[in-house]
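The values are calculated or read from the model by the stated rules, or taken from the named source; none is laboratory data. Remember, it's a predicted structure, so these values are computed and weren't measured experimentally. Backbone-built Cβ (ideal geometry, glycine too); neighbour counts: all protein chains shown.
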Amino acid sequence: MILHLNNAKTWRGGEQQLYYLATGLAKKNIPQIVIGKPGSELESRLKDKVEFIPVNMKNEYDLFSVWKIKKICEEREVKLIHTHTANSHSIGLLTKLFLPKLFLLVSRRVDFPISKNPLSKRKYLSEKVDYFLCVSNKIKEVLYKDGVNPKKLLTVHSGIDLEKFPNHQTEIDIRNEHGISEDTILIGNVAALVDHKDQATLIRAIPMIKTKNKFMFMIIGEGELEQDLKYLAKELRVEDKIIFTGYKKNILDYYKAMNIFTLTSKEEGLGTSILDAMSASLPIIATRGGGIAEMLEKNSGSFLENIGDYTSLTKDFIKLIESEKLRKEFGKLNKEKVKEFSVENTIEKTLQIYNSLLRTTK
């Protein structure tokens, strides 16, 4: 029995990856349970697909939750815990203190250095973790530099469902809803509004885009920096060129409405929003934050620039805004390239790791 731990209440890339993994394993009849927050988006989406047990993990040292999870492991004969967030990593470690024979896998999705906090250092350098599953080689590199045993570091790139765009039935005409004409080039950014996603660099590029073609930017997501970003747009007098939509569930409709996709992150585990954009046959303009460059090839489906380089980004935007031919060429290349990042590949590689550990118990 596999036990997945995720303490997130909201829905972001990590939860989407867990959803893909759990539903994919269910199709293969792999025994598993998902433990997560009661009332979470993950619980809602997994309903009737994968067994979900709600446990209100209040923080990473919630011993009451640890005790409940320990009891579930004993009752259900769990052999392996796979944690999918930083806090659930701690919960998994504490559970293993009581049940030392459990295998423990930790998915690492961000390329931040390990915190210098002694407790944080201790949990990442702990010998109790069997493997860290890094969603990019960049994350593996960061953890290695911070002292994690390289034998415990494995890269398992995130993947996406390649069929979701061809099979998607449009719910809403996004352009009509937002008053965007068909001849306006729509450039989309899908990311949480937080510092490492660096939408500020994106906004700083906009005043420098000088073209006769109509264009509009759409920033899709929510987060603590929303008001700061809106203020920056106003300060730069480009608020009429940006639509802030907030979080959207029907994200596929938004991708279908776009002509260009952009992600200007400083740090990025991998950036599955880029994979979604590639699957939607969109050309990409991005920075080299984190693992982004592992998905893209400069001048072949995408333009890649250094972090924070809004001057170069501006030139890229102008090239794609003014050339329908180049947009189509890049989109076609990305549609083919993204096949390397199918969710089936991610599931299969993860299952191989599970089996390599579980075979040792037989």
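Name the single residue that is nearest to Trp11 (Cα to Cα) among those in region 213-223 being outside any strand (DSSP E or B) and at pLDDT 95 or above. Filtering first and then ranking leaves Lys214.
Within this structure, Glu141 passes the test of being in the same structural domain as Val66 (by TED's automatic domain parsing) and within 23 Å of the chain's Cα centre (by Cα).
Of all residues in region 79-94, those that are under 18 Å from Val135 (Cβ atoms) have Cβ atoms under 6 Å from Cβ atoms of residues that are at pLDDT below 95 and surrounded by fewer than 24 Cβ atoms within 10 Å (Cβ to Cβ), 6 or more apart or on another chain, in His84/Gly14; Thr85/Ala8; Asn87/Glu60.
Scan region 111-128 and tell me whether some residue there is more than 21 Å from His196 (Cβ to Cβ) and touching a strand residue (DSSP E or B) at 6+ places or on another chain (Cβ under 8 Å). Yes, region 111-128 contains at least one residue that is more than 21 Å from His196 (Cβ to Cβ) and touching a strand residue (DSSP E or B) at 6+ places or on another chain (Cβ under 8 Å). Residues of region 290-318 that are under 18 Å from Val135 (Cβ atoms), of a type in the set (Gly, Ala, Ser) and surrounded by fewer than 24 Cβ atoms within 10 Å (Cβ to Cβ): Ala293 alone.
For region 74-125: of the residues being buried (at least 20 other Cβ atoms within 10 Å of the Cβ) and among the charged types (D, E, K, R), which is farthest from Ser158 (Cα to Cα)? Per the stated criteria, the residue is Lys96. Checking Tyr255, Tyr231 one by one, the residue that is in contact (Cβ under 8 Å) with a residue 60 or more places away in the chain, in the same structural domain as Ile185 (by TED's automatic domain parsing), on the phi < 0 side of the Ramachandran plot and not in a loop (DSSP other than H, G, I, E, B) is Tyr255 and no other.
If Ser40 satisfies every condition in (1) within 21 Å of the chain's Cα centre (by Cα); (2) under 19 Å from Lys349 (Cα atoms) but one, which is the exception? It fails just one condition, (2). Within this structure, Val190 fails the test of being aliphatic (A, V, I, L, M), in contact with a Lys or Arg (Cβ under 9 Å, 6 or more places away or on another chain) and either farther than 27 Å from Leu320 by Cα or without any contact (Cβ under 8 Å) to a residue 24 or more places away in the chain (or both).
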